[in-house]
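Participant: One structure is given below, represented as structure tokens, and several questions about it will come after.
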Amino acid sequence: MTEAEFQIINKHGLHARPATALVTLASKFNSNIFLSRGEKRINAKSILGILVLAAEKGATLKVQADGEDEKEAVKAIVELAKNKFGMTEE
Amino acid sequence: MTVTNEKIKGIVAAPGIAIGKALIYRPHEIDFIPKTKISLQDIDSEMERLNEARKSVLKELEQIRERIEKRLGPNYAELINAQISILMDHHIDDEVRNYMIENLVHVPIAYRVVMNVYIQMLDDGESSFFQERILDIRDVRQRVLQVLLSEAIEPLSTQSDEPVILIAKYLTPGDIIILSNDNIRGFVSELGGTTSHTSILARSLKMPMIVGIPNIANETLSGETLIVDGYKGELIIHPDHETEYLYKHQIQRLQKITTYYTEHKNDRTVTKDGKTVDLMANISLPVELKGLEEFGGQGIGLYRSEYLYLMKHTLPTEEELFQEYVTMVRFLKNKPVVLRTIDLGGDKIASILEQELLHEDNPNMGYRAIRICLDRPDIFITQLKAMLRASYYGKVQIMFPMISRLEELEQTIHYFETAKNLLREEKIPFDENCEIGILIEVPSAALMADKLAEKVDFISIGTNDLTQYMMAVDRGNEKVNHIYCHYDPAMIRTIQWIIRSGHHHKVPVSVCGEMAGDPLSILLLVGLEIDILSVSPIFLGPVREIIRGLSFKELQDLVLKLLKMDKRQDVYKALKDRFISFFPDWKMRFGESVIAENSGLQEES
């Protein structure tokens, strides 16, 4: 299992559109990928799960991946968060 | 058996006439799902059923998205994209399956339970930030359940091409956006007001709407022929042939008049003797911009900026506001756009401010409009920055509502300068000459108009609130609303004083309340030398025609007489007589019902 932590830097948090970008990326990997925040732990390939995390700007999330491509998956997700999930703000 | 020609009175929320079959819309919870038991072998086929239901809902949502995009633009279509990704989230499938294995119930129950768990989790969240997603999840859940429980098929998407009148207990702006298709010709609801966003949306889609008819969303009415008379505020159930014929005839005539207005949308708004009165539009929702395209107008005289605050459960961001404003400013090219800062409070309560607003004894005299802004500079400056940023792309003027004294105006201007400084620091361009003005609607501001005019670039008179505050009468209170009247001599004097104060300081004065669209008041206002009239887009046509038929010189003389009158009845009669002498053919020319609706013309004196 590979894991890492990252912060949400998007102004509007992990809202519908960035959440969709995250799901799309996570779904490309074969590994099982989970996101957790506090006690909540959800499947990163589920938009409903991600919405339930209600991660606003500044929230810290943990990503855990388990499977053949776990290292690549974690790296890609952390990278996506750094790039504000591909959202251009302003 | 239904009584033929039964007439029920309601309140007009959007004008127009529509004929169609009654369709009862009940968007709310499916309260009852039969508890069908299944065995373990059924589970795969139940999951298959869920997937089939999803596919059919997906098709439905895609159609809705396409329709919305065509009619209202891509911003509204965003709403549907979020729902589609929730619908297609297969990661809840294991949970649905497990629930069925453990409880041996069919898939509608399992699906509902699982979706409700997500709703519950979001609802418990401390952050209100994600609350609006709950509505999306709920909506998706309802659609899927409706398909799964085939007895509750959503009637709206499956009916034939027959025109229908939609009847509901209550309709939200979202309902109108999602439901409006080519078959729906009009709306009737039990609850709702005339200034709500729902009615504004209905108006801009040119759908007549009547509200305030109790117990009308009743199954027994389903399928009956109905006429919605959105002028008289009447719903006619099961009309006889003669009535239906007369209404069909009226629809045709009104279409002809509308075509005429569109063909003449570029006619200049000058009186017969050459006095120009600019004509602009009041806009509350971007979708109303279509009305401007159709009926002309020299710009937007009032953009009510509240809807972004009212439709959402969170405060809009500077970026969201900017996108909204800039779209409009670009649409108008270099024509002026008057953006009014938020006028929340009173009857318009945003959920974000609910706690501060709900417990007031007298909300119209309470925490509203500029008072909220000066108390919450965070909200105010965000909006001002967004407006200023939009000013770079066209001609923006910013207007402040509910100013009641000079100190307030000075404080407002201070925040306006702060917003400019912030943008300069951020190196974001804006129009350095962006003009500011005030909306005069409080009597103290009316009396001090000469002093206030020194500090601003334009003045607008909000005649609805001004009349209400001048007469100290709540229009919603049936016991006293007869006292409300903008023909009152006190109003004429007040308006004259404001216009003169403005002109003394070379500041143009406009009227953006109902008076600007009322034929008799137009005579009065033009005689008082008003510079600009700003009206709802549907009134642009008739108001232009009226201005072009007037004689400014004659009206100036008339105003001198009106100013000597003691009583409103005398004022009203003099205005009505003069209107008829200017337009002896007014009933044919404007469509009797259209113009009478908004004025005293319908009352026979």
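Values quoted throughout were computed directly from the atomic coordinates according to the rules given, and no laboratory measurement underlies them. For clarity, every value in this text was computed on a predicted model and none was experimentally measured. Here the Cβ is made from the backbone with ideal geometry for all residues, glycine too, and neighbour counts use every protein chain on show.
Participant: Using the Karplus equation 6.51 cos²θ - 1.76 cosθ + 1.60 (θ = phi - 60°), what ³J(HN,Hα) coupling, rounded to whole Hz, does each residue of the stretch B:302-308 give in order, writing x for Gly and Pro?
Facilitator: Couplings: 7, 9, 7, 8, 7, 4, 5 Hz.
Participant: Can you give the longest run of chain A that contains no trypsin sites (Lys or Arg not before Pro) sitting in a DSSP loop with at most 14 other Cβ atoms inside 10 Å?
Facilitator: A:58-90
Participant: Work out from phi, with θ = phi - 60° and the Karplus expression 6.51 cos²θ - 1.76 cosθ + 1.60, the ³J(HN,Hα) of each residue of the stretch B:107-119, listed in order in whole Hz, and give x for Gly and Pro.
Facilitator: 5, x, 5, 4, 5, 4, 4, 5, 4, 5, 4, 5, 4
Participant: Sticking with this one: Of B:ASN51, B:PRO489, B:LEU344, which is farthest towards the positive pole of chain B's charge dipole, taken about the Cα centre with +1 and -1 on the beta-carbons of Lys, Arg and Asp, Glu respectively?
Facilitator: The residue sitting most towards the positive pole is B:PRO489.
Participant: Within a Cβ distance under 14 Å of B:ASP161, other residues only, what is the Lys/Arg minus Asp/Glu net charge?
Facilitator: Surrounding charge for B:ASP161 is 0.
Participant: Something else: For helix B:377-391, report the angle its Cα long axis makes with the longest principal axis of the Cα atoms of chain B; keep it between 0 and 90° and round to the nearest 10°.
Facilitator: It works out to around 80 degrees.
Participant: Report the relative contact order of the stretch B:279-333, percent, no decimals, based on alpha-carbon pairs under 8 angstrom and at least 6 residues apart.
Facilitator: Relative contact order of the stretch B:279-333: 36 percent.
Participant: When we measure straight from the Cα of B:LYS256, which lysines land under 17 angstrom away, once same-chain ones fewer than 8 places off are left out?
Facilitator: Cross-link targets: B:LYS206, B:LYS248, B:LYS265, B:LYS587.
Participant: Still on this structure, please answer the following. For B:GLN397, which sequence-distant residues (separation of 5 or more, or a different chain) have an amide H within less than 5 Å of its own amide H, given hydrogens modelled in the peptide plane?
Facilitator: B:VAL337, B:VAL338, B:LEU339
Participant: Taking amide H atoms as placed 1.01 Å from N in the peptide plane, list the residues 5 or more away in sequence, or in a different chain, whose amide H sits under 5 Å from that of B:GLU306.
Facilitator: The list, which skips near neighbours in sequence, is B:ASP343.
Participant: Taking Cα atoms, how many degrees apart are the long axis of helix A:70-82 and the longest axis of chain A, rounded to 10 and kept between 0 and 90?
Facilitator: Roughly 10 degrees, rounded to the nearest 10.
Participant: Just to confirm the number: angle between the C-alpha axis of helix B:489-504 and the first principal axis of chain B, 0 to 90 degrees, nearest 10?
Facilitator: Compared with the principal axis, the helix lies near 80 degrees.
Participant: Once you charge only the Cβ atoms, +1 for Lys and Arg and -1 for Asp and Glu, what is the size of the charge dipole of the protein assembly as shown about its Cα centre, to the nearest 20 debye?
Facilitator: 1740
Participant: Projected onto the charge dipole of the stretch A:21-72 (+1 at Lys/Arg Cβ, -1 at Asp/Glu Cβ, origin at the Cα centre), which of A:SER36, A:ALA54, A:GLN64 gives the Cα projection farthest towards the positive end?
Facilitator: Among A:SER36, A:ALA54, A:GLN64, the one farthest towards the positive end of the dipole of the stretch A:21-72 is A:ALA54.
Participant: In deg cm²/dmol and to the nearest 500, what is the mean residue ellipticity at 222 nm of the protein assembly as shown if only DSSP H runs of at least 4 residues count, each as -39500 (n - 2.57), divided by the residue total?
Facilitator: Values: 28 runs with 320 residues, N = 695.
Calculated mean residue ellipticity at 222 nm is -14000 deg cm²/dmol.
Participant: Let me ask something additional. How shielded is A:36-49 by partner chains, expressed as the average number of their Cβ atoms within 10 Å of its Cβ atoms?
Facilitator: Per residue, the average neighbour count from other chains is 4.
Participant: Mind sorting B:VAL57, B:VAL105, B:VAL117 by how few other Cβ atoms lie within 10 Å of their own Cβ, fewest first?
Facilitator: B:VAL117, B:VAL105, B:VAL57
Participant: At a 10 angstrom cut-off on C-beta neighbours, averaged per residue, how do the peptides A:20-26, B:98-104 rank from highest to lowest?
Facilitator: Answer by packing, highest mean first, reads A:20-26, B:98-104.
Participant: Listing B:GLU294, B:GLU410 from the residue with the fewest other Cβ atoms within 10 Å to the one with the most, what is the order?
Facilitator: If I rank by nearby Cβ atoms, fewest first, I get B:GLU410, B:GLU294.
Participant: Just want the answer: with Cβ charges of +1 for Lys and Arg and -1 for Asp and Glu, which residue in B:GLY20, B:MET588, B:LEU122 is farthest toward the dipole's positive end in chain B?
Facilitator: Farthest towards the positive end: B:MET588.
Participant: Checking the a/c ratio against 1.5 first, then a/b against b/c, what shape does the Cα gyration tensor give for the protein assembly as shown?
Facilitator: oblate
Participant: Work out which trypsin sites (Lys or Arg not before Pro) in chain B are exposed loop sites (DSSP not H, G, I, E or B, at most 14 other Cβ within 10 Å) and give the longest gap free of them.
Facilitator: The answer is B:36-267.
Participant: Please work out the FRET efficiency for the pair B:LYS587 and B:LYS55, using the Cβ-Cβ distance as r and a Förster radius of 41 Å; give the result to the nearest 0.05. Write out the running numbers ahead of the final one.
Facilitator: Values: r = 55 Å, r/R0 = 1.34.
With R0 = 41 Å, the Cβ-Cβ based efficiency is 0.15.
Participant: By a straight-distance test (C-alpha under 13 Å), which aspartates and glutamates pair with B:LYS553 as possible cross-link partners, with residues fewer than eight away in the same chain excluded?
Facilitator: B:ASP273, B:GLU529
Participant: A further question on this structure: If I stretch the segment between B:ASN421 and B:LYS506 completely, what's the gain in nm (0.36 nm per residue apart, minus their alpha carbon distance), one decimal?
Facilitator: Roughly 27.8 nm would be gained on extension.
Participant: Now a separate question. Please give every one of the lysines within straight-line cross-link reach of A:LYS62, meaning a C-alpha to C-alpha distance under 26 Å, and leave out same-chain neighbours fewer than 8 residues apart.
Facilitator: Qualifying lysines at Cα under 26 Å: A:LYS11, A:LYS28, A:LYS40, A:LYS45, A:LYS71, A:LYS75, A:LYS82, A:LYS84.
Participant: How do B:ASP375, B:ASP182, B:ASP465 line up, fewest other C-beta atoms within 10 Å first?
Facilitator: B:ASP182, B:ASP375, B:ASP465
Participant: Go through the stretch B:322-329 residue by residue and turn each phi into a ³J(HN,Hα) via Karplus (6.51, -1.76, 1.60, θ = phi - 60°); whole Hz please, and just put x for glycine and proline.
Facilitator: 4, 4, 4, 5, 5, 4, 5, 4
Participant: Quick check: the distance between the Cα centres of the stretch B:365-432 and the stretch B:201-265, to the nearest angstrom?
Facilitator: That distance is 42 Å.
Participant: Identify the chymotrypsin sites (Phe, Trp or Tyr not before Pro) of the stretch A:1-69 meeting these criteria: DSSP loop state and at most 15 other C-beta atoms within 10 Å of the C-beta. Don't jump to the answer; show the numbers that get you there.
Facilitator: Working: sites: A:PHE6, A:PHE29, A:PHE34; in loops: A:PHE29.
Answer in residue order: no site qualifies.
Participant: With an 8 Å Cα cut-off and a minimum separation of 6 or more residues, compute the relative contact order for chain B in percent.
Facilitator: 14
Participant: Along the three principal axes, how long is chain A when you take its alpha carbons, biggest first, rounded to the nearest angstrom?
Facilitator: Principal-axis extents of chain A (Cα, largest first): 38, 26, 20 Å.
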